[in-house]
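Working notes for the structure below.
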Amino acid sequence: MKRITVLLAEDHAIVREGFRSLLKHEHDIEVVGEAQSGREAVAMVKKLRPAVVVMDIAMPLLNGLEATRQIHKDVPATKVLILSAHSDDAYVDQVAALGASGFLLKQTSSHVLATAIREVQKGKTFFSPDVSKRLNGRNEKSQDRNGNFKKKNNQLSSREVEVLQLIAEGKPNKQVAAELGVSFKTVDKHRQHLMGKLNIHDIAGLTRYAIAQGIIESSVQLTIR
């Protein structure tokens, strides 16, 4: 039997180890790689082409939502199953709109995780039971005539989201430039463009916007520069 190949994308090593330990008992599932950041997850998906990515939303350098968007665009055959400690409607809506195949709460049991992996690998969607119940009453508003989730207009490009996340995490322009492999001037231009596009004129405002959009978590310790 051909196994379902899975990439674990989670920045906490102990959580990744726990998932790997749980999934090793599933005869039809094989963990083929682990990523510690959203950017690393995107790169590993392009290299390994796993069937499913189990992706945490709160990832450093590139959050799980933006990583999902890039994976869906570049490697559409790979299905993404989002994990989060929060089940806010805003998060669930973004997950569906960005091309993810499912949404699970981190409190989910190993049995449900394995079931979700199998379902999304088949091309189906899978949401945690509690989330699914809440969505049932809202699906008509969030789906088009063909039953697909409506895409939300996203004002920012993938690179702009990357720059915004790094800035909101408190990284100075020089470090952002090093992380992205671009010049200091390019980062400064991106920052000015972000402020103009969003009509936000300071770093604190950009940070609040990033938190509101789920790009970073409010629990992140920020250094405003």
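Placing pseudo-labels 7 Å out from each Cα toward the beta carbon at LYS73 and LYS185 gives an inter-label distance of 2.5 nm. The overall shape of the stretch 11-85, judged from the alpha-carbon gyration tensor, is oblate: a/c is not under 1.5, and a/b is no greater than b/c. Which one of ALA97, LEU8, GLY18 has its Cα pushed farthest toward the positive end of the charge dipole of the stretch 1-115, where Lys and Arg give +1 and Asp and Glu give -1 at the Cβ? So the residue furthest toward the plus end is LEU8. Net charge of the neighbourhood of VAL15, taken over other residues with C-beta under 11 Å away and scored Lys/Arg +1, Asp/Glu -1, is -2.
Take every pair of alpha-carbon atoms less than 8 Å apart whose residues are at least six positions apart; their mean separation over the length of the stretch 13-62 yields a relative contact order of 33 percent. Checking the Cα-Cα distances for LYS24/LYS106; LYS46/LYS171; LYS47/LYS106 against a 23 Å cut-off, the pairs over it are LYS46/LYS171; LYS47/LYS106.
Sorted on the mean count of surrounding Cβ atoms within 10 Å across their residues, most packed first, peptides 43-49, 33-39, 66-72 read 66-72, 33-39, 43-49.
For ILE200, neighbours were defined as the other residues whose beta-carbon sits under 12 Å from its Cβ, and their charges (Lys and Arg +1, Asp and Glu -1) total +2.
Every number here is computed from the coordinates shown, using simple stated rules; none is lab data. Note that the structure is a prediction, hence the values are computed from the model and not measured. Glycine also receives a Cβ, built like all others from the backbone with ideal geometry; neighbour counts cover every protein chain displayed.
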